[in-house]
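Every number here is computed from the coordinates shown, using simple stated rules; none is lab data. The structure presented is a predicted model; accordingly, all values stated were derived computationally and were not measured. Positions of Cβ are backbone-derived with ideal geometry, glycine not excepted, and every protein chain shown enters the neighbour counts.
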Amino acid sequence: MKLGVHVSISGGLSKSIDNASNIGCSAFQIFTRSPRQWKTKDIQIDESTLFINKLKKSSINFDSVVVHMPYLPNLSAPESEMYQKSIKALGEEITRCNLLQIPQLVIHLGSHLGQGAKSGISQLIHACKTALNNYSDLNSIHNATKILLENSAGQKNSIGSSIEEIATIFDGLNSDDFGLCLDTCHAFAAGYDLSSDKGNFELFDLVSNRIGINKLKVIHLNDSKGELNSNRDRHYHIGLGKIGEKGFTFLINNIKLHHIPFIMETPIDEIRNDNGNIIYVKNLLNKNTR
């Protein structure tokens, strides 16, 4: 199983590899820049070289590393200055992933801001295609970075809380350059009951039938502080939220998913830190769910 957490890049991008390795990660996720600012400095060649060489020497494979898009862009927004800035930011992030040889970039699908889901989906598809086309010449540096669509929790005006809606987006993109990042907290908040074996079966059958299980590239492994179908994006420690230990035990023992990274984005507090959640999940492996 490829298991890890979102780690800090404080001290430099290559420091993230140490941060992940030191707590027993076999996968990890980073921001390549501040997630709450538009402006950023370019990644320098010596910085990317240091990251690549250190990762090669580590026990973590390149295909187990994930970049998360910054929070500010809204790729489903109506035409506006912000929408154009969002497309540019996605293009910049594709470039940064290529420089670091990171093959997976997770994006939030954004909000239609009251213009309706149909408009938001159309804007999202256009934004993704435009960013990818404008930066496609850089994808020849190594195997192309895939853009992974992350399901949402179903907050007001958000895009992509249902598998059906995400399937519609994939149909519009019609490209192997895109994949799925499934967030368990978001799925639960959107009404998919991952607390039970039955709910797990139903969700992954739906993903398989409507999107294709081969499109699933990353799982964001988060428990939910909010109730089922609450539309609340409130991550919590694995096994201590509303999904609970039984649901996660079933999910992480699905060996058909062990080839993809499981990334936790759980709180760090007096209850548990990142290492505590890693140890907890490892203890659930091979545990009898019956």
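Over segment 134-258, calculate the relative contact order: mean separation of alpha carbon pairs under 8 Å at least 6 apart, over the residue count, as a percent.
25
Restricting attention to segment 138-290, close to 15% of DSSP beta bridges with both partner residues there are antiparallel. Residues Ser195, Ser175, arranged from fewest to most other Cβ atoms within 10 angstrom of their Cβ, appear as Ser175, Ser195.
Cα-based radius of gyration for segment 163-254, normalised by 2.2 N^0.38 Å, reads 1.06.
Annotation: the antiparallel percentage among DSSP beta bridges lying fully within the chain is about 10. Among Phe28, Phe201, Phe178, Phe62, the order by Cβ neighbours within 10 angstrom, fewest to most, reads Phe201, Phe62, Phe178, Phe28. Mind jotting down the distance between the C-alpha centroids of segment 210-228 and segment 1-60, whole Å? Computed from Cα coordinates, the inter-centre distance equals 23 Å.
A cut-off of 5 Å between modelled amide H atoms, ignoring neighbours fewer than 5 places along the same chain, links Val106 with Val67, His68, Met69, Leu148. Segment 1-122 has equivalent-ellipsoid semi-axes of 30, 16, 11 Å, by the square roots of 5 times the alpha carbon gyration tensor eigenvalues, sorted largest first. Relative contact order for the chain: 17 percent, from Cα pairs under 8 Å spaced at least 6 residues apart, divided by residue count.
In this simple spin-label model, placing a label point 7 Å from the Cα along the Cα-to-Cβ direction at both Ser10 and Ser80 gives a separation of 3.3 nm. Here the chain is treated as an ellipsoid with the same Cα gyration tensor; its semi-axes, largest first and in whole Å, are 27, 25, 17.
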